[in-house]
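Report on one structure; see the data block that follows.
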Amino acid sequence: MPRCKNCKEKFEAKHFNQKYCFKSECVKVWVETAKVKNWQKEKKRLKDELETVQSLTKKAQRYFNAYIRERDIKAGYPCISCGKELRKGNIDAGHYFSAGGFGSVRFSELNVHAQCSRPCNKDKSGDLLNYQIGIEKRIGADNLIKLHEEAHKVRKYTREELKAIIEKYKQKKKELNK
């Protein structure tokens with residue numbers, strides 16, 4: 001026989017997962033906990049609905065960058081700038097065209113590659129000269145020219161597009177780790 005979660009007395013359960021007895025004060029506690037659980041679900045749903053474009057952009061960037069780091073590690077690529085082997089914990093997703101200044105290629109897989117956190121990305125501000133040499137070797141001259149053309153277009157993402165990007169890169173990272 002189970003014990004009531006509220007009064008701690010043993011009772012005969014009518015359902016296999018019943019946690020409260022049928023005393024009036026215990027039923028009140030049971031109803032209140034159910035209301036709290038429902039409110040928590042409703043609060044999460046409302047929070048998701050009210051998420052701003054800015055917060056969705058940050059979230060999408062986090063999932064996208066995690067995918068890029070994982071992609072390049074799994075492929076065995078070295079740092080795009082210096083050519084040294086990448087070590088976990090010291091890897092950034094380095095943007096050839098910055099995410100803040102060039103929104104149209106912020107989530108372009110051709111624009112972003114794994115890079116040493118220190119010194120290449122942080123200390124040398126991306127080490128763009130060596131990055132350009134590395135990116136041309138990796139994606140080819142034609143793709144680099146297309147990337148330059150795409151980078152100078154204006155692009156604003158909608159909430160729906162950002163949510164789709166988040167789901168896309170969650171799924172792609174999951175597939176990489178299989």
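The values are calculated or read from the model by the stated rules, or taken from the named source; none is laboratory data. Because the structure is a prediction, the values reported are computed rather than measured. We place every Cβ from the backbone using ideal geometry, glycine too, and count neighbours over all the protein chains shown. Surface accessibility is based on the protein's heavy atoms, side chains included, excluding ligands, DNA and RNA. Shrake-Rupley method; radii C 1.70, N 1.55, O 1.52, S 1.80 Å.
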Dipole moment magnitude, nearest 20 debye, the chain about Cα centre, only Lys, Arg, Asp, Glu C-beta charged: 1060 debye
Farthest positive-ward along region 82-134 dipole, Cα basis, beta-carbon charges - from 120, 110, 99: 120
Of all accessible heavy-atom area on region 92-150, the percent that carbon and sulfur account for (1.4 Å): 51 percent
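Which order do the peptides 71-82, 106-117, 158-169 come out in when sorted by mean C-beta neighbours inside 10 angstrom, highest first?
Highest mean packing first, the order is 106-117, 71-82, 158-169.
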Two-site FRET efficiency, residue 35 against residue 159, from Cβ-Cβ distance with R₀ of 30 Å, rounded to 0.05: 0.50
Separation of the residue 110 and residue 122 label points, Cα + 7 Å toward Cβ, nm: 3.1 nm
Simple spin-label estimate for residue 54 and residue 9 in nanometres, 7 Å along Cα-Cβ: 5.6 nm
Environment charge at residue 145 (Cβ cut-off 15 Å; Lys +1, Arg +1, Asp -1, Glu -1): 0
Residue 75 versus residue 174: modelled label distance in nm, points set 7 Å from Cα along the beta carbon direction: 2.3 nm
Solvent exposure of region 70-120 as accessible area per residue, Å², 1.4 Å probe: 44 Å²
Estimated 222 nm signal from helices in the chain, with DSSP H stretches of n ≥ 4 weighted -39500 (n - 2.57), rounded to 500: -17000 deg cm²/dmol
